[in-house]
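To keep things clear, I will list the structure first and then write my remarks on it.
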Amino acid sequence: RLCFPRFFFISDPVLLEILGQSSDPQSIQPHLLSLFDAVYRVEFDERQPDQINAMLSNLGERIPFEKSVVCTGGVEIWLNSLLTAVKDTVKNVIASMAQCLVDPEYDFIKGFVTFCGQAGLVGVQILWTKEAEVAIRKARVDRIIMKVTNQKFLDLLNNLIELTTKDLTVMDRIRFETMVTIHVHQRDIFDDIVKLKVRTPIDFEWQKQERFYYYEETDDVIVRITDVIFNYQNEYLGITERLAITPLTDRCYITLAQAICM
């Protein structure tokens with residue numbers, strides 16, 4: 001458990017079962033959801049059964065690893081390697097998504113579907129943060145930029161909603177509906193910011209929002225809320241439904257962030 005702390009999440013009998021079958025890497029499959037948030041199962045190489053090539057969610061989303069995980073040595077050793085591979089893969093996919101957003105001509109609606117669900121979700125949050133902050137910074141000299149940006153967010157929302165009207169798989173429907181849920185909240189926030197006539201990024205009305213920034217130098221995503229700064233941890237989250245976000249949810253985010261920071 002000290003070598004692989006996530007073993008603290010499972011009971012002693014389950015841990016003993018895993019250790020007792022450590023010579024068979026395939027035996028870890030039933031226990032993955034106890035150790036990872038959304039890794040439902042992993043895909044072993046057909047020719048080399050001690051190598052893991054990809055991870056899959058419960059809805060069947062498959063994400064290949066850039067480098068295969070070799071299941072040799074103690075189970076706690078290669079599970080650490082698996083965890084590293086999961087986080088590195090998610091980080092690289094999100095970085096690829098974020099790098100596309102640098103291009104002002106990039107069509108987000110057509111582009112995000114080529115990435116995994118999590119990358120698209122983080123991507124729309126990075127896009128919203130960037131566009132909103134640029135508009136706020138320029139609002140003092142450009143009288144219409146806030147209105148134009150607000151309309152841009154509304155157009156994006158309508159395009160996302162249009163995607164949900166098509167004949168979709170269960171996975172894609174949940175994916176697009178989650179995007180809509182997140183962006184409805186983002187659009188509502190910016191609509192309020194326009195009405196409150198926020199003109200500087202240091203205004204508390206902007207600072208209290210959950211903001212996502214991508215740093216190209218390190219390929220890191222940084223999450224800011226009030227004076228708290230987090231590194232995005234790149235845990236694989238799969239494709240899951242989200243509850244509607246309310247003002248109370250936002251206040252909970254602030255309270256939890258402040259508590260963690262203390």
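In the chain, the longest principal axis of the Cα atoms and the axis of helix 145-163 are about 40 degrees apart.
Kindly identify the stretch 120-262 as rounded, prolate or oblate by the Cα gyration tensor criterion: order the square roots of the eigenvalues as a ≥ b ≥ c, call it rounded if a/c is under 1.5, otherwise compare a/b with b/c, prolate if a/b is larger, else oblate.
Cα axes put the stretch 120-262 in the oblate bin.
Pairs of Cα atoms under 8 Å, at least six residues apart: use those to get the relative contact order of the chain, whole percent.
Details: 322 pairs, mean separation 45.9, N = 262.
Worked out over the chain, it gives 18 percent.
What Kirkwood Rh does the chain have if only Cα atoms enter the pairwise 1/r average? Answer in Å.
This gives a value of 20.4 Å.
Note on D24 and D227: the model spin-label points, each 7 Å out from Cα along the C-beta direction, lie 5.6 nm apart. Estimated from the Cβ-Cβ distance and a Förster radius of 30 angstrom, the FRET efficiency linking T72 and S11 is about 0.70.
For the stretch 185-252, rounded, prolate or oblate, judged on the Cα gyration tensor with a ≥ b ≥ c (square roots of eigenvalues), a/c < 1.5 rounded, else prolate if a/b > b/c? Here the stretch 185-252 falls in the oblate category. Spin-label model, Q151 to V184: label points 7 Å out along the Cα-to-beta-carbon direction sit 2.4 nm apart.
Return the single residue from A135, A244, A54 with maximal mean-square fluctuation; model: Gaussian network over the chain, springs between Cα atoms under 10 Å. Taking springs between Cα atoms under 10 Å, the residue moving most is A244. At an R0 of 22 angstrom, the distance between the Cβ atoms of L237 and N159 translates into a FRET efficiency of 0.40. Counted by Cβ distance under 10 Å from T181, the other residues give a net charge of -1, where Lys and Arg count +1 and Asp and Glu count -1. Between D203 and E216, the simple spin-label model (points 7 angstrom out along Cα→Cβ) gives 2.9 nm. Here the scattering of the stretch 170-209 is modelled by Debye summation over its C-alpha atoms, one equal scatterer each and no solvent; at q = 0.25, 0.26, 0.27 Å⁻¹ the log10 of I(q)/I(0) is -0.78, -0.81, -0.85. Quick one: helix 170-195 against the long Cα principal axis of the chain, what's the angle to the nearest 10°, folded into 0 to 90? So the helix axis and the longest Cα principal axis differ by about 30 degrees. Using the average count of surrounding beta-carbon atoms within 10 Å as a protection proxy, the listed peptides 171-182, 96-107, 34-45 rank, highest first, as 171-182, 34-45, 96-107.
Please identify every one of the GluC sites (Glu not before Pro) in the stretch 190-262 that sits in a loop by DSSP and has no more than 10 other beta carbons within 10 Å of its own beta carbon.
When the GluC sites (Glu not before Pro) of the stretch 190-262 are filtered for loop state and at most 10 Cβ neighbours within 10 Å, E216, E217, E241 remain.
Applying 1/(1 + (r/R0)^6) with R0 = 35 Å to the Cβ-Cβ distance of V170 and R140 gives a FRET efficiency near 0.15. For the stretch 85-183, a/c is not less than 1.5, where a ≥ b ≥ c are the root eigenvalues of the C-alpha gyration tensor, and a/b does not top b/c. That puts it in the oblate class.
Every read-out reported here was derived from the displayed coordinates using simple, explicitly stated rules and does not represent laboratory data. Computed from a predicted structure; not experimentally measured. All Cβ positions, even for glycine, are placed from backbone atoms using ideal geometry, and neighbour counts span all protein chains on display.
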